[in-house]
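The values are calculated or read from the model by the stated rules, or taken from the named source; none is laboratory data. The model shown is predicted, which means the values in this text are computed figures rather than measured ones. Here the Cβ positions follow ideal geometry from the backbone for every residue, glycine too, while neighbour counts run over all protein chains shown. Side chains included, ligands, DNA and RNA excluded: accessible areas come from the protein's heavy atoms. Shrake-Rupley method; radii C 1.70, N 1.55, O 1.52, S 1.80 Å.
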Amino acid sequence: MNLLAGPVRAASRAYSASMSSPHAPLQHSEALARRALLRDLEYDVALDLAGDERTFGSRTTIRFASGVGRTFVDVRPAELRSAVLDGRSLDLDAWERGRLPLDLQLGEHELVVDAVMAFRFDGEGLHRSVDPADGRHYVYGMSFLDAAPTVFACFDQPDLKAPYTLHVRAPESWTVVGNAPGEQVEPGVWELERSRPLATYGVTVVAGPYHQLHHEHDGIPLGLSARASLAADLEKDADELFTLTAQGLDELHRLFGIRYAFGHYHQAFVPDFNAGAMENPGCVTVRDTMLFTSRASRSQRVQRATTLEHELAHQWFGNLVTPAWWDDLWLNESFAEYLGNRVTAAATAYDDVLVDDAYARRQWGLIGDQGPSTHPIAGNGAADAAAALQDFDGISYAKGCAVLRQLSTSLGDEVFLGGVVDLLERHRFGNAALADLVACWERAGATDLGAFTTGWLRSAGPDRIELDRTAGVLRRTPPPGADTGRSHRLHAAVATATGWELRPVVVDRPEVPFEADARAVVLDPHLETWAVTPPDITSARELVDLLPTVEDPLQRAATWSGIRSALHNAVLPPDLVLELVLAAPPVEDLDDAEHRTMGWVREWVLPLQPDPERATARLHAVLLTRLDSAPPASEEQFAALRAAVATSSDPSLLRSWLSGAALPDGVQLDLDLRWRLLGRLAALGETDLTELDRARDHEPTAAAGVGHAHARASLPTPEAKAWAWSCFTGTTALPTLELEAAGRGLWQHAQRDLTAPYVDRYLADVAGTAQVRSGWTLGLAAGWFFPRPWFDEPTVEGLRHVLSAPGLDGSLRRTIADLLDLQERKLAARGGSSGPAPRTAP
């Protein structure tokens with residue numbers, strides 16, 4: 001799975017509450033006991049999707065063998081009709097918290113569970129969506145992490161893999177795709193072939209009036225599908241999508257010497273998806289915003305390429321061989337992230353992927369690794385499935401990827417890939433754990449991996465490497481309370497009169513000598529190790545003049561990563577960081593996605609200034625200069641325009657761009673740009689709901705709905721803020737892409753007086769959102785509606801009080817704790833300088 005800032009789809013308050021009704025998360029100890037009891041599983045699942053729009057029929061037949069013992073089958077229905085074990089009806093009253101008990105004797109068994117299941121509207125289970133463009137309905141299955149029992153009865157744990165045969169009844173105008181190839185045997189009736197062994201979390205079906213395209217590469221049938229309203233966009237991008245898939249298959253075949261094992265390979269672009277993509281064997285689901293309906297930036301295209309290659313890599317790491325339990329989820333995500341980037345760089349047109357990754361993912365991982373919820377890459381506990389969900393984060397993805405890159409460099413491909421291939425062959429269609437992989441690497445020739453495993457995989461937190469000019473040393477500071485003795489091999493870029501000199505450095509003890517005189521130093525300019533590497537104050541001052549001249553794109557990205565770490569840790573003052581932004585705006589990364597540099601500038605650098613409005617105006621002027629000097633239709637022009645829109649306080653300029661007449665040469669007024677302009681006008685109070693409604697109704701697409709939600713919540717009116725808050729509390733139902741947009745629109749830094757009452761409302765209401773949403777959306781929504789502009793002592797103290805309350809949902813606790821840590825760091829970074837006025841504590 002490729003994880004992004006993850007939209008799902010919310011439903012009505014009543015329905016969300018039913019989905020959040022208590023079910024017992026599977027404990028690791030329970031999974032071990034059930035794995036010891038059961039063997040030789042096979043599923044036959046019949047789904048009837050042709051009934052009403054709220055529920056569907058689900059009849060599951062599980063054949064398996066067992067020893068003598070008591071266990072349970074997982075099933076979370078709207079209505080449990082019957083359950084028959086070996087011809088004997090089971091007591092349905094025994095069902096409790098998603099579990100139906102089973103008393104088993106030695107031998108072979110057949111369990112048949114007939115249920116009515118609820119379609120879900122939160123991106124999990126069997127999700128149903130209505131396209132606002134044409135009113136058509138679409139369905140897809142997302143069985144991850146413990147959602148499979150809301151689709152079919154199962155033994156829901158990753159080490160009980162089994163083949164599946166699916167039978168699907170659907171409306172006659174629909175097509176059906178699943179993990180294995182299938183065909184329509186009569187109108188509306190689809191039979192899918194028996195699949196290879198699958199983990200429950202990878203079982204899917206994608207059904208609806210999808211537009212489909214087909215191709216073949218190296219004997220492997222390939223498919224693409226998307227909503228009918230996106231047919232033209234799918235057709236436009238099909239050549240690139242099929243090419244990326246073919247290039248990835250060829251490169252992974254070359255690296256492993258093991259062919260793709262799941263028959264066909266279909267990629268379904270689906271609506272309202274709550275992650276970037278999901279690696280379901282044979283039928284990958286991808287967020288359909290990755291079909292670009294407006295002009296896309298280079299970074300968006302790189303992200304799409306790496307997402308597709310990430311999911312393709314999962315067909316080996318995750319699907320062919322699956323972690324035995326979620327404490328080894330890194331065997332899925334860290335490897336898929338590493339291989340996805342490696343394959344993209346080596347085999348596709350996006351060979352700048354490491355630069356983009358440095359902007360898009362590295363700080364995501366570093367910030368998480370320094371936060372209160374940091375955890376090891378491997379062996380992270382995961383006492384139950386619900387807790388494991390929280391560890392699909394920047395540590396498991398970005399940090400795990402970086403550490404695997406370090407290991408592959410150290411071992412060399414012969415040993416590194418040799419061990420990987422050994423694991424894939426030994427555990428084909430089965431499960432594995434960390435110890436299995438380490439043993440494979442050792443058989444391939446690796447020696448003494450104990451230090452690597454202990455120091456890098458089983459220890460949390462990053463080392464911090466800094467230059468102490470006075471002492472003439474590089475100082476390594478380990479994470480608090482955990483000196484792991486890590487050794488770092490990297491380079492230091494030292495400014496000279498003629499350019500930059502690269503010096504190799506090994507930091508294998510607390511201090512190593514390093515002389516730099518008065519010259520600027522950039523540590524780890526090629527991102528060779530995982531560490532926090534903030535520039536010292538002398539280097540930062542020199543970089544105001546030097547950074548605009550840096551030509552190496554990876555060094556520029558690494559420099560910005562170090563600057564971000566410096567502000568995060570209060571090493572550099574905010575006013576100096578602003579001067580760096582103004583001197584050398586990172587035009588390669590002016591996209592405004594959450595983890596990228598421009599998003600950080602707007603959430604950290606500008607609000608920490610004594611006069612945020614003046615700082616924003618200064619940045620806007622720099623961006624306009626960039627916009628004027630950029631070549632027409634260039635990436636630099638495109639990115640500068642987006643950022644200029646977001647920082648503008650000039651309604652006449654925004655209106656002139658919105659008219660299309662004053663846009664720079666090479667820029668077209670497409671749907672995305674139109675809603676960016678309307679959103680900024682809304683924040684300035686220079687439009688109203690009537691104009692926003694008219695713009696949405698003129699082009700009623702899902703993308704327009706997202707833009708409308710953000711703009712509506714951004715309006716500086718009490719009615720707009722009340723509407724946004726009703727979305728958070730569940731009174732108003734929104735697709736979650738729109739829910740996210742409403743949360744981000746609510747908190748405008750220039751509307752502090754208007755939003756001040758909602759800080760206390762957040763403190764009072766956030767715990768109760770566990771009653772109206774569940775799964776991914778619960779923690780995500782708490783983050784989207786978090787009062788980011790309010791980093792003052794009363795707010796911080798209020799958040800601490802929320803965290804101290806008993807009974808707070810675990811995902812809410814983790815989200816709030818991590819965001820509280822960021823607010824405290826903002827306070828520390830601001831230090832004694834003046835800043836936004838604190839609110840008055842209630």
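Things to note:
- Which listed residue is in a strand (DSSP E or B), among the hydroxyl-bearing types (S, T, Y) and in contact with a Ser or Thr (Cβ under 8 Å, 6 or more places away or on another chain), from T306, T285, T293: T285
- Of the helices (runs of 4 or more DSSP H) lying entirely inside segment 724-831, those carrying at least 1 residues that are free of Cβ contacts under 8 Å to residues at least 12 places away in the same chain and closer than 20 Å to A711 by Cα are 752-765.
- Checklist (1) under 30 Å from S634 (Cβ atoms); (2) buried (at least 24 other Cβ atoms within 10 Å of the Cβ); (3) basic (K, R) applied to R655, failing item: (2)
- In segment 695-723, the residues that are more than 25 Å from V766 (Cβ to Cβ) and outside any helix (DSSP H, G or I): E699, P700, T701
- The set of residues from segment 128-171 being open to solvent by less than 20 Å² (accessible area, probe 1.4 Å), out of contact with any Ser or Thr (no Cβ under 9 Å at 6 or more places or on another chain) and either small (G, A, S) or closer than 20 Å to L213 by Cβ (or both) comprises S129, A147, A170.
- Of R519, R541, all but one fail to be outside any helix (DSSP H, G or I), out of contact with any Lys or Arg (no Cβ under 9 Å at 6 or more places or on another chain) and in contact (Cβ under 8 Å) with a residue 12 or more places away in the chain; the exception is R519.
- Qualifying residue in segment 335-342 (condition: crowded, with 24+ Cβ neighbours inside 10 Å and among the hydroxyl-bearing types (S, T, Y)): no
- If you go through segment 733-762 and keep only what is over 26 Å from W600 (Cβ atoms) and modelled with pLDDT under 95, you end up with A733, L734, P735.
- Those strands (runs of 3 or more DSSP E) lying entirely in segment 33-101 with at least 3 residues within 34 Å of the chain's Cα centre (by Cα): 38-48, 55-66, 69-74
- The residues listed here are L669, L678, L692; of these, the one that is part of a helix (DSSP H, G or I), closer than 28 Å to R626 by Cβ, within 30 Å of the chain's Cα centre (by Cα) and without any contact (Cβ under 8 Å) to a residue 60 or more places away in the chain is L678.
- Within this structure, A682 fails the test of being of a type in the set (G, A, S) and either open to solvent by 20 Å² or more (accessible area, probe 1.4 Å) or touching a His at 6+ places or on another chain (Cβ under 6 Å) (or both).
- Positions within segment 605-615 being buried (at least 21 other Cβ atoms within 10 Å of the Cβ) and part of a helix (DSSP H, G or I), in sequence order: V605, A615
- Residues satisfying the stated conditions in segment 75-97, i.e. under 20 Å from R169 (Cβ atoms) and open to solvent by 90 Å² or more (accessible area, probe 1.4 Å): E79, R81
- Failed item, numbered, when L546 is tested on (1) surrounded by 23 or more Cβ atoms within 10 Å (Cβ to Cβ); (2) free of Cβ contacts under 8 Å to residues at least 60 places away in the same chain; (3) assigned to a helix (DSSP H, G or I): (1)
- Pairs with Cβ under 7 Å, 6+ apart, first in segment 249-272 and under 18 Å from C283 (Cβ atoms) and free of Cβ contacts under 8 Å to residues at least 40 places away in the same chain, second crowded, with 23+ Cβ neighbours inside 10 Å and basic (K, R): none
- Answer residue from segment 41-74, given it is without any contact (Cβ under 8 Å) to a residue 40 or more places away in the chain and out of contact with any Lys or Arg (no Cβ under 8 Å at 6 or more places or on another chain) and is most open to solvent (accessible area, probe 1.4 Å) among those: R70
- Screening the candidates L230, L241 for the property of being touching a residue at least 24 places away in the same chain (Cβ under 8 Å) and within 30 Å of V421 (Cα to Cα) yields one hit, L241.
- Output for segment 172-204, where each listed residue is outside any loop (DSSP other than H, G, I, E, B) and open to solvent by less than 50 Å² (accessible area, probe 1.4 Å): T175, V176, V177, G178, G182, V189, W190, L192, L198, T200, Y201, G202
- The number of residues in segment 617-637 being within 31 Å of the chain's Cα centre (by Cα) and either buried (at least 22 other Cβ atoms within 10 Å of the Cβ) or free of Cβ contacts under 8 Å to residues at least 24 places away in the same chain (or both) comes to 2.
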